[in-house]
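Down below is the structure, laid out as structure tokens.
The values are calculated or read from the model by the stated rules, or taken from the named source; none is laboratory data. Owing to the predicted nature of the structure, the values given are computational and were not obtained by experimental measurement. Cβ atoms come from the backbone with ideal geometry, glycine included; neighbour counts cover every protein chain shown. We work out accessible area using only protein heavy atoms, side chains counted, and drop any ligands, DNA or RNA first. Shrake-Rupley method; radii C 1.70, N 1.55, O 1.52, S 1.80 Å.
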Amino acid sequence: MPASLGPGLWAIAASAAAMTAIVGLRYLLTSGLFAWITGKVRPGLYEGLDRQIRREIGWSLLSAAIYGVPAGLVAWGWREHGWTRIYTDPAAYPLWWMPASLLACLFLHDTWFYWTHRWMHWPRPFRMAHAVHHASRPPTAWAAMSFHPVEAVTGAVVIPALVFLVPVHVAVLGLLLTIMTVMGITNHMGWELFPRRLVHSRIGHWLITASHHHRHHESYQCNYGLYFRFWDHVCGTDRGLSAP
């Protein structure tokens, strides 16, 4: 191995380790917060699920390591070599592009998730990988990242790929990751956080919340989306809302 390659590999490894720690800590803090809120708002909802929750945390921390590796590689490449289309100067693109880029990234992520999620429900991939996630009956606030490594890989590549395709301001990227985290947790925590008038409104008809995703965990072959109900409506897989 050339001597000059050594420091670069160490820097990549350090970046991957740092991102793994960040993803894992973010998971523990945010899922822990919403689990605590659940205990206050819906006392007893997770009663008797201690063993399941320990399993969810274990799989989720493994998923954090899988998410951290590509994120760390991309972060190192952006910092050291200018890889990606992440930008820091708000004037580099028109200001309207900031919300537009957020919506573009959300839609592309949702599209990827919908189709890979449907694939995960084919019998073989389900038995091999996705059954780990559906072992959470009912899902809890700790289940958002409870994935088999194969499934974790399909999720881990999305945001790193998007930042090579879509010009995105670093603050918008932070907001995107926040939305991804909060919706992933709130959709799984077993009760509806958002007001009924929003969930049952015209806007709610196109958005995914716990009421929509809980139906997926009940019926399996429906409601595959992550953020939006667009692909479920287009493909006829929307089965409406549950009552978590």
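Remarks
- Exposure of Tyr93 as accessible area (Å², to 10), given a probe of 1.4 Å and all protein chains: 80
- Most to least accessible of Trp206, Trp191, Trp59 (protein chains only, probe 1.4 Å): Trp206, Trp59, Trp191
- Helix content alone sets the calculated 222 nm mean residue ellipticity of the chain: runs of n ≥ 4 DSSP H residues at -39500 (n - 2.57) each, divided across all residues, give -20000 deg cm²/dmol.
- Share of carbon and sulfur in the accessible heavy-atom surface of the stretch 50-110 [1.4 Å probe, %]: 68
- Among the DSSP helices (H) of the chain, those spanning at least 27 angstrom by Cα along their long axis with an average Kyte-Doolittle hydropathy of 0.5 or more are 5-41; this is a geometric and hydropathy rule only.
- In the stretch 23-136, a dipole from Cβ-located charges (positive for Lys and Arg, negative for Asp and Glu) runs towards its positive end, and of Ala100, Ser136, Ala65 it is Ser136 whose Cα lies farthest in that direction.
- Debye intensity ratio I(q)/I(0), log10, the chain, q values 0.08, 0.12, 0.14, 0.16 Å⁻¹ (C-alpha model): -0.33, -0.73, -0.98, -1.24
- Counting all C-alpha pairs of the stretch 43-114, share separated by more than 15 Å (%): 74
- Computed extension length for His205-Val41: 56.5 nm, one decimal, from 0.36 nm per residue of separation with the Cα-Cα distance subtracted.
- Using the 1.4 Å probe convention, the accessible area of the chain works out to 51 Å² per residue with neighbouring protein chains retained.
- With every protein chain in place, the stretch 122-167: carbon and sulfur % of accessible area (1.4 Å): 73
- Within the full protein context, the accessible area of Ile22 is estimated at about 100 Å² for a probe radius of 1.4 Å.
- Lys, Arg +1 and Asp, Glu -1 on Cβ, resulting dipole of the chain about Cα centre, debye, nearest 20: 460
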